Amino acid sequence: MSWIYFVDLFGTCVFAISGVLTAIHKKFDLVGSLIIGFVTAIGGGTIRDVLIGRFPVGWLNDRYYFLAVIIGFMVAYLFKNEVMKLKRSMFLFDTIGIGLFTILGIEISMNQGLNYEISIVLGVISACFGGIIRDVLTNEIPLIFRKEIYASACFLGGLIYLVSRELHLPQNANILLSILTVSLIRYFSIRYAWSLQILKNENEGFSADDEI
């Protein structure tokens with residue numbers, strides 16, 4: 001399982017980079033950018049651990065997660081232009097990261113004795129809520145609340161993981177299959193503009209002034 005640990009650290013670093021780049025775009029200072037990178041990288045896992053009463057929360061037990069955030073912060077600031085040229089690679093790493101974070105969240109939750117339904121929800125929280133915190137703090141509508149398929153990809157990847165787990169597939173193969181599921185759903189949803197947006201006629205819908 002050691003390769004999963006290193007991929008997890010790498011995913012943490014990539015998430016930190018995405019958070020810092022967002023902060024730079026919003027003209028945050030160094031401290032603000034570091035905070036945004038930090039909450040983007042470890043926010044979801046922290047919320048999950050608090051919800052299940054797992055203390056100290058995961059990153060407090062391992063200094064390398066903190067170092068991964070610091071490295072992500074430095075990379076984003078020192079090599080901002082180079083990183084921005086790697087948008088496709090960043091998208092790939094981000095997708096792999098949310099797939100892995102979903103699975104790790106599920107495993108940690110199940111090790112706490114929680115059932116499948118709760119574990120998969122906590123897996124999605126692990127993968128997505130760091131981004132939600134980032135978007136809220138930078139005054140953006142969170143990505144998972146917009147039309148782009150994000151949390152749904154994590155949910156389906158987590159479902160594949162649980163089914164494969166019950167079928168006793170080898171652990172490494174199961175993890176790779178689940179990450180591939182998340183990655184493919186994310187890729188095709190972007191390429192072909194898939195969404196879960198509710199269809200409505202041009203003149204339909206509610207506003208704050210509509211009567212109910």
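The values are calculated or read from the model by the stated rules, or taken from the named source; none is laboratory data. Given the structure is predicted, the values throughout are model-derived calculations rather than measurements. We place every Cβ from the backbone using ideal geometry, glycine too, and count neighbours over all the protein chains shown.
Which of the residues that make up region 136-182 are under 19 Å from VAL14 (Cα atoms), touching a residue at least 60 places away in the same chain (Cβ under 8 Å) and either under 12 Å from the mean Cα position of the chain (by Cα) or buried (at least 19 other Cβ atoms within 10 Å of the Cβ) (or both)?
The answer is LEU137, ILE179, VAL182.
Quick one: ILE108 ticks every box in (1) out of contact with any Ser or Thr (no Cβ under 7 Å at 6 or more places or on another chain); (2) part of a helix (DSSP H, G or I); (3) at pLDDT 95 or above except a single one, so which number is it?
Checking ILE108 against (1) out of contact with any Ser or Thr (no Cβ under 7 Å at 6 or more places or on another chain); (2) part of a helix (DSSP H, G or I); (3) at pLDDT 95 or above, the one that fails is (3).
Under the condition of being closer than 15 Å to ILE98 by Cβ and surrounded by 15 or more Cβ atoms within 10 Å (Cβ to Cβ), which residue from region 185-204 is modelled with the highest pLDDT?
Start the filter on region 185-204 by keeping residues that are closer than 15 Å to ILE98 by Cβ, which leaves 185-187, 189-190.
Checking which are surrounded by 15 or more Cβ atoms within 10 Å (Cβ to Cβ) leaves us with 185-186, 189.
Values: ILE185: 93, ARG186: 89, SER189: 88.
Selected residue: ILE185.
Here's a check for you: in region 50-81, which residue that is of a type in the set (D, E, K, R) and assigned to a helix (DSSP H, G or I) is modelled with the highest pLDDT?
Residues of region 50-81 of a type in the set (D, E, K, R): 54, 62-63, 80.
If we keep only those that are assigned to a helix (DSSP H, G or I) too, we end up with 63, 80.
Details: ARG63: 93, LYS80: 89.
Per the stated criteria, the residue is ARG63.
Condition (residue is of a type in the set (S, T, N, Q), modelled with pLDDT of 95 or more and either crowded, with 16+ Cβ neighbours inside 10 Å or touching a Ser or Thr at 6+ places or on another chain (Cβ under 7 Å) (or both)) applied to region 115-124: is it met by at least one residue?
Residues of region 115-124 of a type in the set (S, T, N, Q): 115, 119.
Okay, now just the ones that are also modelled with pLDDT of 95 or more, so 115, 119.
Those left that are additionally either crowded, with 16+ Cβ neighbours inside 10 Å or touching a Ser or Thr at 6+ places or on another chain (Cβ under 7 Å) (or both): 119.
Yes, region 115-124 has at least one match.
Can you name the condition, by its number, that PHE10 falls short on among (1) more than 17 Å from VAL75 (Cβ to Cβ); (2) assigned to a helix (DSSP H, G or I)?
(1)
Here is a yes/no grid of residues against (1) surrounded by fewer than 16 Cβ atoms within 10 Å (Cβ to Cβ); (2) among the charged types (D, E, K, R); (3) in contact (Cβ under 8 Å) with a residue 40 or more places away in the chain; (4) on the phi > 0 side of the Ramachandran plot:
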{"residue": "PHE15", "(1), (2), (3), (4)": "no, no, yes, no"}
{"residue": "LYS26", "(1), (2), (3), (4)": "yes, yes, yes, no"}
{"residue": "SER33", "(1), (2), (3), (4)": "no, no, yes, no"}
{"residue": "THR46", "(1), (2), (3), (4)": "no, no, no, no"}
{"residue": "ASN61", "(1), (2), (3), (4)": "yes, no, no, no"}
{"residue": "LEU67", "(1), (2), (3), (4)": "yes, no, no, no"}
{"residue": "LEU78", "(1), (2), (3), (4)": "yes, no, no, no"}
{"residue": "LEU86", "(1), (2), (3), (4)": "yes, no, no, no"}
{"residue": "ILE103", "(1), (2), (3), (4)": "no, no, yes, no"}
